[in-house]
Amino acid sequence: MYAIVEIQGQQFKADAEKFLYVHYLGEAVKEGEKVEFDRVLLAEADGTVKVGAPTVDGAKVVCEVLTPLVKGDKVIVFKKKRRKGYRRKNGHRQCFTKVLVKEVVA
């Protein structure tokens, strides 16, 4: 059983007992806390597929927060215009939340 769920504007395939790195959920969530996502766009169970319009009624994904703040790899942004003496170097690390999908209710 799996589901395609929308979490903060991004779509994820949620399988039971799999890890997801979603965009940072903020200071409101704590480690070990249960989080439910109800914007399920597609749900599959025993070979039958339910497609929502736009969401599947009564479907949800229950997750447990493992790590509230995980930083991703550093991304380097380098801009240059040749022969003009213009160079800019910038970098950032994206913030994520690591969650474990406990169950998919469809």
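The values are calculated or read from the model by the stated rules, or taken from the named source; none is laboratory data. Here the structure is a predicted model, which is why all the values come from computation and not from measurement. No Cβ is skipped: glycine too gets one built from the backbone with ideal geometry, and neighbour counts run over all protein chains shown. Ligands, DNA and RNA are stripped out before the accessible areas are found, and what is left, the full protein with its side chains, is counted by its heavy atoms. Shrake-Rupley method; radii C 1.70, N 1.55, O 1.52, S 1.80 Å.
I'd like the full set of residues that are under 30 Å from Gly47 (Cβ atoms) and part of a strand (DSSP E or B), limited to the stretch 83-106. Walk me through it before giving the result.
If we filter the stretch 83-106 for residues that are under 30 Å from Gly47 (Cβ atoms), which is where we start, we get 99-106.
Selection gives Val99, Leu100, Val101, Lys102, Glu103, Val104, Val105.
Kindly indicate whether Val35 is in contact (Cβ under 8 Å) with a residue 60 or more places away in the chain and assigned to a strand (DSSP E or B). Can you show your working first?
On the way: in contact (Cβ under 8 Å) with a residue 60 or more places away in the chain: yes; assigned to a strand (DSSP E or B): yes.
Judged against the criteria, Val35 is a match.
What residue, among those in the stretch 43-59 that are open to solvent by less than 40 Å² (accessible area, probe 1.4 Å) and of a type in the set (A, V, I, L, M, F, W, C), is modelled with the lowest pLDDT?
Ala45
Does Ala16 count as open to solvent by 30 Å² or more (accessible area, probe 1.4 Å) and in contact (Cβ under 8 Å) with a residue 60 or more places away in the chain?
Values: open to solvent by 30 Å² or more (accessible area, probe 1.4 Å): yes; in contact (Cβ under 8 Å) with a residue 60 or more places away in the chain: yes.
Yes.
Pick from Phe96, Phe78: which is aromatic (Phe, Trp, Tyr) and under 16 Å from the mean Cα position of the chain (by Cα)? First the steps, then the outcome.
Working: Phe78 fails: under 16 Å from the mean Cα position of the chain (by Cα).
Only one candidate qualifies: Phe96.
Consider Tyr86 against the criteria (1) at pLDDT 95 or above; (2) more than 20 Å from Leu100 (Cβ to Cβ); (3) open to solvent by 100 Å² or more (accessible area, probe 1.4 Å); (4) not basic (Lys, Arg): it satisfies all of them except one. Which criterion is unmet?
Single failed check for Tyr86: (3).
Considering only residues of the stretch 19-39 that are open to solvent by less than 50 Å² (accessible area, probe 1.4 Å) and not aromatic (Phe, Trp, Tyr), which is farthest from Thr55 (Cα to Cα)?
Within the stretch 19-39, the first condition is being open to solvent by less than 50 Å² (accessible area, probe 1.4 Å), and the residues that meet it are 20, 22, 25-26, 29, 32, 35, 37.
Applying the additional criterion that residues be not aromatic (Phe, Trp, Tyr) yields 20, 22, 25-26, 29, 32, 35.
Numbers: Leu20: 20, Val22: 19, Leu25: 21, Gly26: 24, Val29: 24, Gly32: 27, Val35: 18 Å.
Only one residue fits best here, namely Gly32.
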